[in-house]
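A quick write-up on the structure given underneath.
The values are calculated or read from the model by the stated rules, or taken from the named source; none is laboratory data. From a predicted model like this one, the values you see are computed outputs, not experimental measurements. Methodologically, a virtual Cβ is constructed for each residue, glycine included, from the backbone with ideal geometry; neighbour enumeration extends over all protein chains shown. In case anyone asks, the SASA skips ligands and DNA or RNA and just uses the protein heavy atoms, side chains included. Shrake-Rupley method; radii C 1.70, N 1.55, O 1.52, S 1.80 Å.
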Amino acid sequence: MSDFKKESHRGAKISIDLAALQHNFQQVKKHTINNKIMPVIKANAYGHGLLQVVDALADADGFGVAQIAEAIALREHGIEKPLSVFQGFLNAEQLNLCFQFNLRPAIHQQWQLDLLKKNTATASIDIWLKINTGMGRLGFQLADVDAAYQQLHSNPSINQIGFMMHFANADEPAHLSNQQQLECFKNMTDNYENTVTSVSNSAAILTNLLPQQNWLRPGIMLYGASPFANKSAAQLQLKPVMSLHAELIAINQLQKGQAVGYGSDWVCPQDMPVGIVNIGYGDGYPRLATDSPIAVNGQKCRLIGRVSMDSIAVDLRGIKCNCGDEVECWGAQISVDEVATSAQTISYELLCNVGRH
Ligand SMILES: *Cc1c(COP(=O)(O)O)cnc(C)c1O
């Protein structure tokens, strides 16, 4: 297996470390008893490249995506493992595709049950019955779960009915709602025999919420970023998978009092070298990043001034470098979580955004 690089017609360069991805998958495994693992690979595997990531995760028991089209791309790539689709089907045509490609959709609305009732497919599929235990996004209200279950149970084209929920605050382990959501889920699933369950995202896996569930759904931890604000990926023994590089294209000796960038809000406190790097928000570098860490020729320094569409400026005081040197925006040396924090967002958004460019 080889790592792959993607060079746009712009200066930015994404590299994906598949060995790091596999290392992170092993970290998920450390939290399993005999649970199955469905890596979550929605949004182009969080920007890392859907098919490359899937091929590297040969030990996965299945995969999780948000939308039907993502799952079909995997089937067409030859993946035969169980594929869960968290938003389920959106219309009769997509329901047919679930049967045709043997996909496992989440069911969260009565109109989906109605479409299923009308369906004449001779095949059968597994489904997830998605429950709202507190996330307030997709899922049946508790009072409606049993009626939904009975409709699915009496439908001959449905095999296994699994129960699924999602945490709203797993990234804050001490948050009261975590236990409340779990209690709610356990009370509800206790009403049925031999239930198949899926509850945990990365944060819930790392805090061992409900260890005895059937299917774990890790996303961000596989990509080597931390779901927690106060714990780094390195502390969690996760390795960064994506690196984003660009090039130092100018070194300017500016004088004390000279301004840098739009708005002129950064002003040189002394005579100093300022570097210009050929990456900007047009490449997915976050425009709101402020004072973020960055590495020029392997040395850590700081972003200064506002992020432009095609370039950023860096403080080169004390940095040994030349024009043409490599700049790491995030990757092995610079944590994507730190850059995200400096831009008041989360690593998820940065990774997805860059992967789109
Ligand atoms: C995105 C997603 C996950 C993965 O979440 P991470 O925080 O990235 O681990 C799990 N389950 C569902 C339903 C999701 O939408």
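Please pick out the residue among Phe228, Phe185 that is open to solvent by less than 50 Å² (accessible area, probe 1.4 Å), within 12 Å of the ligand (Cβ to nearest atom) and of a type outside the set (S, T, N, Q).
None of the other options fit; the residue is Phe228.
When you go through Ile346, Ile294 one by one, which is the residue that is open to solvent by less than 30 Å² (accessible area, probe 1.4 Å) and aliphatic (A, V, I, L, M)?
Going through Ile346, Ile294 in turn, just one is open to solvent by less than 30 Å² (accessible area, probe 1.4 Å) and aliphatic (A, V, I, L, M): Ile294.
When you go through (1) of a type outside the set (D, E, K, R); (2) open to solvent by 60 Å² or more (accessible area, probe 1.4 Å); (3) touching a residue at least 40 places away in the same chain (Cβ under 8 Å) one by one for Pro240, which number turns out not to apply?
So Pro240 meets the others, but not (2).
So, of the residues in the range 317-337 that are under 24 Å from the mean Cα position of the chain (by Cα) and free of Cβ contacts under 8 Å to residues at least 60 places away in the same chain, which turns out to be farthest from Arg302 (Cα to Cα)?
Per the stated criteria, the residue is Gln333.
Among the numbered conditions (1) aliphatic (A, V, I, L, M); (2) touching a Leu at 6+ places or on another chain (Cβ under 7 Å); (3) open to solvent by 60 Å² or more (accessible area, probe 1.4 Å), tell me where Val54 comes up short.
All conditions are met except number (3).
Could you check how many residues of the range 189-206 are in a loop (DSSP other than H, G, I, E, B) and either buried (at least 20 other Cβ atoms within 10 Å of the Cβ) or among the β-branched types (Val, Ile, Thr) (or both)?
Qualifying residue count, the range 189-206: 4.
Please enumerate the residues belonging to the range 44-74 that are within 20 Å of Asn102 (Cα to Cα) and among the β-branched types (Val, Ile, Thr).
Val54, Val65, Ile68, Ile72
Could you list all residues from the range 154-171 that are over 28 Å from Leu209 (Cα atoms) and either without any contact (Cβ under 8 Å) to a residue 40 or more places away in the chain or open to solvent by 60 Å² or more (accessible area, probe 1.4 Å) (or both)?
Correct list: Ser154, Asn155, Pro156.
Can you find, within the range 23-51, the residue that is surrounded by the fewest Cβ atoms within 10 Å (Cβ to Cβ) among those that are of a type in the set (D, E, K, R) and either part of a helix (DSSP H, G or I) or within 15 Å of the ligand (Cβ to nearest atom) (or both)? Don't jump to the end; show me each part of the working.
Applying the first criterion (of a type in the set (D, E, K, R)) to the range 23-51 yields 29-30, 36, 42.
From the residues that got through so far, the ones that are either part of a helix (DSSP H, G or I) or within 15 Å of the ligand (Cβ to nearest atom) (or both) too are 29, 36, 42.
Values: Lys29: 13, Lys36: 16, Lys42: 19.
Residue satisfying both the conditions and the ranking: Lys29.
Look at Ala259 and say whether it is touching a Gly at 6+ places or on another chain (Cβ under 6 Å), on the phi < 0 side of the Ramachandran plot and away from the ligand (no atom under 12 Å from the Cβ).
no
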